[in-house]
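K.L.:
A single structure is presented below for examination.
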Amino acid sequence: MSNSEHGRARAKGRTTAEVLGADRVESPPPLLEERYEFLGDEDISIDRYISRDFFEREIKTLWPRVWQWACREEHLQAVGDTYVYDVGPYSVIVVRSGEDSIEAFLNTCTHRGTRILATEGSGFSPAFTCPFHGWCWNLDGSIKNIPARWDFPHVDDDKHGLQRVQCEIWGGFVFINMDPDAAPLADQLDVLPEHFSHSPLERRRIAVHVEKRLPANWKAAQEAFMEAYHNIETHFSPNGANAQYDIFGRFVTRFIHNIGSYSPDALEDYGPSAAPWLDPPLTEDQQLRTMGLGKFDDENIPDGETARRIAAEALRKSVGARLGIDLSDCSDSLMVDSIEYHLFPNMFFFPGISIPMVYRFRPAGDDVDSSLFDLLILEPLPEGATHPEPPEPVRLDVEQSYTEVEALGWLGNVYDQDTGNLRAQQQGFKASRKPGITLGNYQEVRIRRLHMTIDEVMNED
Ligand code: FES
Ligand SMILES: [Fe+2]
C-alpha cells in the first residue's frame with residue numbers, strides 16, 4: 001500500500017453516515033459531517049505514560065496553560081458557594097463571588113503559601129481564611145484582614161490578594177485557565193458551541209457523579225474511551241466496529257458509534273473466532289433486546305423496520321415522559337447512539353439523550369501511574385425548570401467496582417470492563433522492550449491527535 005493511501009481503509013459494512021442517513025428523524029447537520037485526516041503512523045513513545053520526566057514537563061508546561069472544566073455552574077448557586085478543583089499539584093478555588101459573578105483563584109495563601117481550602121469539591125465560605133495565621137480575603141480575592149497588621153507595613157494589599165485564575169463558562173461548565181495570558185476559551189472549544197447548539201448542555205442537570213481513582217496514567221486512562229476498537233474484545237459488543245472518527249482541529253475530536261445497528265460484514269475482519277456469539281448474526285429483534293438502553297418489552301419490529309428506529313421512537317416517548325420534555329424532534333442518532341466529543345486535554349462531552357455522559361481525566365497528585373476519572377450523567381432539564389442542587393460525587397477507590405453505584409445501572413459493568421484493562425496496560429508499559437505503542441490509522445487517530453497537541457502546547461514558548 002502506498003503511503004498516500006494510509007488512513008483510507010475502512011471497516012466493511014454500513015458506514016455511520018449510511019446508518020444516520022436511514023434514520024427516521026434526521027440528525028442535525030454537525031452529526032452528518034465527516035472530518036478525518038491521516039496524521040501519520042509512527043509509534044507513540046511509552047515513556048510518555050511512565051516517565052517522571054515527561055510527567056513533570058506536563059505539570060510545568062501543559063496543565064498551567066490549558067482550559068479545563070473545574071465544576072458545573074450549578075455547583076455555585078449562592079454567593080459564597082465554592083468548588084475546589086485539583087489537578088496534579090495544582091489547586092484552584094472557583095467561587096460565586098456575587099449574584100452575577102464567578103471568579104477563580106489559586107488555592108494558596110499569599111502570606112507563606114499554605115493551601116487555603118483543604119478538600120476538593122463543593123463548599124461554602126462567606127470569606128476565605130488561611131488555616132495557618134488567619135490571613136483573610138473577600139470572595140473577590142481582595143485582602144479582608146491581616147492579623148497583627150502592624151508587622152506588615154511592607155505589604156501592599158493590592159499585591160497580596162488571592163492569585164487570580166482565568167475563568168469562563170460554556171455549556172453550564174465553569175472552565176479555568178491558570179495562564180494569565182491564555183487565549184480565550186472559545187479558541188480551545190473550536191466547533192463545540194456550534195455542534196452543541198442542538199443539545200445545550202447548560203440545560204442539563206447532574207443526575208449522577210462518580211469520581212474513581214484509576215491505576216493508570218491520565219492519558220492511557222482516557223485513551224481507553226477514545227476508540228471503539230476494543231468493543232468486541234472488552235465489551236463483547238459488535239457496536240462500534242463501524243464507528244466514525246472525526247478530527248475537528250487541534251483541540252476537538254469525535255466518534256459516533258451506532259448502537260443497535262451493527263454490520264456483520266465488519267466483524268469478518270476480527271478473525272474467525274473473535275465473536276462466536278454473533279454466529280449466526282443477531283436479528284433486528286435480538287439487537288433491540290440487547291442494546292442496553294431499555295427493556296422494550298412491548299415493542300415488536302415490523303417487516304422493513306430496524307431495531308434502531310423502533311428503539312429511538314420508544315425512547316422518545318418513555319424518556320420524554322420521565323424527564324418531562326418533548327423529544328419528538330430529537331434525531332434517532334441523538335436518542336440511541338454513543339456520540340462522544342473530546343475536548344483537549346482531558347474532557348469528553350456527549351450530546352446524546354440516552355447516553356448523556358461527560359468525563360474528565362486528570363493526574364492524581366504527584367503520581368505518574370494513577371489518575372482520577374470523573375464520570376457524570378447529565379440529564380436534560382424540563383423547559384423552565386431551574387437546576388437542582390447537584391449530588392455529591394460518589395468516590396470510588398481503585399479496587400471498587402462501578403456496580404456499587406446503583407444509579408449507573410447496566411453501565412456499571414461496562415465501566416468496570418473499560419477500567420479493568422488499565423492496570424494491565426500500565427504494568428505492560430513497564431515490561432515492554434518495544435519502546436512505543438502502535439495505533440490504528442483510523443480507529444485510533446484521536447489518540448494520535450491528543451499526543452500531537454500535547455507536544456504543540458508543551459513546546460509553545
Ligand atoms: S501561611 Fe497563610 S496566613 Fe500564614
Ligand atoms: Fe469501552
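The values are calculated or read from the model by the stated rules, or taken from the named source; none is laboratory data. Not measured: the values here are computed from a predicted model. All Cβ positions, even for glycine, are placed from backbone atoms using ideal geometry, and neighbour counts span all protein chains on display.
K.L.:
Quick check on my filter: what residues within the range 407-461 are of a type in the set (Lys, Arg), within 16 Å of ligand 2 (Cβ to nearest atom) and under 19 Å from the mean Cα position of the chain (by Cα)?
P.N.:
Result: ARG446, single match.
K.L.:
Now a separate question. Out of PRO391, PRO380, which single residue is surrounded by fewer than 16 Cβ atoms within 10 Å (Cβ to Cβ) and more than 16 Å from ligand 1 (Cβ to nearest atom)?
P.N.:
Values: PRO380 fails: surrounded by fewer than 16 Cβ atoms within 10 Å (Cβ to Cβ).
Only one candidate qualifies: PRO391.
K.L.:
Which of the numbered conditions does GLY13 fail, given that it passes all the others? Conditions: (1) in a loop (DSSP other than H, G, I, E, B); (2) loosely packed, with under 12 Cβ neighbours inside 10 Å; (3) modelled with pLDDT under 95.
P.N.:
Only one criterion is unmet by GLY13, namely (2).
K.L.:
Determine, yes or no, whether SER122 is over 19 Å from PRO180 (Cα atoms) and either touching a Lys or Arg at 6+ places or on another chain (Cβ under 6 Å) or modelled with pLDDT of 95 or more (or both). Outline the logic, then answer.
P.N.:
Details: over 19 Å from PRO180 (Cα atoms): yes; either touching a Lys or Arg at 6+ places or on another chain (Cβ under 6 Å) or modelled with pLDDT of 95 or more (or both): yes.
Answer is yes for this residue.
K.L.:
Right, another one. Can we say THR403 is within 16 Å of ligand 2 (Cβ to nearest atom) and either over 15 Å from ASP369 (Cα atoms) or in contact (Cβ under 8 Å) with a residue 40 or more places away in the chain (or both)?
P.N.:
Working: within 16 Å of ligand 2 (Cβ to nearest atom): yes; either over 15 Å from ASP369 (Cα atoms) or in contact (Cβ under 8 Å) with a residue 40 or more places away in the chain (or both): yes.
So THR403 passes the test.
K.L.:
Pick out the one residue from ILE247, ILE206 that is touching a Pro at 6+ places or on another chain (Cβ under 9 Å), surrounded by fewer than 23 Cβ atoms within 10 Å (Cβ to Cβ), of a type in the set (A, V, I, L, M, F, W, C) and assigned by TED's automatic domain parsing to the domain that holds GLY384. Even if it seems obvious, please write down each step before you answer.
P.N.:
Values: ILE247 fails: touching a Pro at 6+ places or on another chain (Cβ under 9 Å).
The conditions single out ILE206.
K.L.:
Let me ask something additional. Just wondering, is there one or more residues in the range 98-106 that are surrounded by 21 or more Cβ atoms within 10 Å (Cβ to Cβ) and within 16 Å of ligand 1 (Cβ to nearest atom)?
P.N.:
Within the range 98-106, one or more residues are surrounded by 21 or more Cβ atoms within 10 Å (Cβ to Cβ) and within 16 Å of ligand 1 (Cβ to nearest atom).
K.L.:
Only one residue in ARG52, ARG48 is surrounded by fewer than 19 Cβ atoms within 10 Å (Cβ to Cβ) and in the same structural domain as ARG250 (by TED's automatic domain parsing). Which one? Full working, then the answer.
P.N.:
Numbers: ARG48 fails: surrounded by fewer than 19 Cβ atoms within 10 Å (Cβ to Cβ).
ARG52 is the lone residue from the list that is surrounded by fewer than 19 Cβ atoms within 10 Å (Cβ to Cβ) and in the same structural domain as ARG250 (by TED's automatic domain parsing).
K.L.:
Which residue is nearest to VAL394 (Cα to Cα), if the candidates are limited to the range 143-167 and must be among the polar types (S, T, N, Q) and within 34 Å of the chain's Cα centre (by Cα)?
P.N.:
First, the residues of the range 143-167 that are among the polar types (S, T, N, Q): 145, 163, 166.
Those still in the list that are within 34 Å of the chain's Cα centre (by Cα) too: 163, 166.
Numbers: GLN163: 30, GLN166: 28 Å.
Among those that are among the polar types (S, T, N, Q) and within 34 Å of the chain's Cα centre (by Cα), it is GLN166.
K.L.:
If you don't mind, another one. Which residue pairs have Cβ atoms under 6 Å apart, sit 6 or more places apart or on different chains, and have a first residue in the range 141-156 that is closer than 13 Å to CYS109 by Cα and a second that is assigned to a helix (DSSP H, G or I)?
P.N.:
As it stands, the answer is ILE143/ASP157, since those pairs meet every condition given.
K.L.:
Tell me, which strands (runs of 3 or more DSSP E) wholly within the range 127-204 include 3 or more residues that are under 30 Å from ILE325 (Cα atoms)? Step through it out loud before you land on a result.
P.N.:
Details: elements: 143-145, 164-170, 173-177.
Strands (runs of 3 or more DSSP E) meeting the threshold: 164-170, 173-177.
K.L.:
Please return the ranges of helices (runs of 4 or more DSSP H) entirely within the range 252-343 where 2 or more residues are over 30 Å from LEU189 (Cβ atoms) and polar (S, T, N, Q).
P.N.:
Working: elements: 264-267, 284-290, 307-323, 332-336.
Once the helices (runs of 4 or more DSSP H) in the range 252-343 are filtered for at least 2 residues that are over 30 Å from LEU189 (Cβ atoms) and polar (S, T, N, Q), what remains is 284-290.
K.L.:
A further question follows. Looking at the range 126-167, which of the residues that are buried (at least 17 other Cβ atoms within 10 Å of the Cβ) and of a type in the set (A, V, I, L, M) is farthest from ligand 2 (Cβ to nearest atom)?
P.N.:
ILE146
K.L.:
Just wondering, is there one or more residues in the range 106-120 that are in contact (Cβ under 8 Å) with a residue 60 or more places away in the chain, assigned to a strand (DSSP E or B) and either within 16 Å of ligand 2 (Cβ to nearest atom) or not small (Gly, Ala, Ser) (or both)?
P.N.:
The initial filter retains those residues of the range 106-120 that are in contact (Cβ under 8 Å) with a residue 60 or more places away in the chain, namely 106.
Subsequent filtering for residues that are assigned to a strand (DSSP E or B) retains 106.
Within this subset, residues satisfying the condition of being either within 16 Å of ligand 2 (Cβ to nearest atom) or not small (Gly, Ala, Ser) (or both) are 106.
Within the range 106-120, one or more residues are in contact (Cβ under 8 Å) with a residue 60 or more places away in the chain, assigned to a strand (DSSP E or B) and either within 16 Å of ligand 2 (Cβ to nearest atom) or not small (Gly, Ala, Ser) (or both).
K.L.:
Any idea how many residues of the range 60-105 are assigned to a strand (DSSP E or B) and under 19 Å from the mean Cα position of the chain (by Cα)? It would help to see each step written out before you state the result.
P.N.:
Filtering the range 60-105 for residues assigned to a strand (DSSP E or B) gives 68-72, 81-87, 90-98, 101-105.
So of that shortlist, the ones also under 19 Å from the mean Cα position of the chain (by Cα) come out as 68-72, 83-87.
Matching residues across the range 60-105 total 10.
K.L.:
Still on this model: Restricting attention to the range 394-426, and to residues there that are outside any helix (DSSP H, G or I) and in contact with a Leu (Cβ under 8 Å, 6 or more places away or on another chain), which single residue is farthest from ligand 1 (Cβ to nearest atom)? Quick ask: steps written out before the conclusion?
P.N.:
Step one: of the range 394-426, the residues outside any helix (DSSP H, G or I) are 394-401, 405, 409-410.
Retained after the next criterion (residues that are in contact with a Leu (Cβ under 8 Å, 6 or more places away or on another chain)): 398, 405.
Working: VAL398: 33, VAL405: 38 Å.
Restricting to residues being outside any helix (DSSP H, G or I) and in contact with a Leu (Cβ under 8 Å, 6 or more places away or on another chain), the top hit is VAL405.
K.L.:
Okay, moving on. Pick from the range 263-310 the residues that are of a type outside the set (Gly, Ala, Ser) and touching a Lys or Arg at 6+ places or on another chain (Cβ under 6 Å): which of them is surrounded by the most Cβ atoms within 10 Å (Cβ to Cβ)? Talk me through it step by step, then tell me what you get.
P.N.:
Restricting attention to the range 263-310, the residues satisfying the condition of being of a type outside the set (Gly, Ala, Ser) are 264-265, 267-270, 272, 276-291, 293, 295-303, 305-306, 308-310.
If we keep only those that are touching a Lys or Arg at 6+ places or on another chain (Cβ under 6 Å) as well, we get 265, 309.
Working: ASP265: 14, ARG309: 21.
Step by step, filter the range 263-310, then rank; the result is ARG309.
K.L.:
Another question, then. Output the qualifying pairs, or none if there are none: Cβ atoms under 8 angstrom, residues six or more apart or on different chains, first residue in the range 381-398 and closer than 25 Å to TYR415 by Cβ and at pLDDT 95 or above, second residue of a type in the set (Phe, Trp, Tyr) and in a loop (DSSP other than H, G, I, E, B).
P.N.:
none
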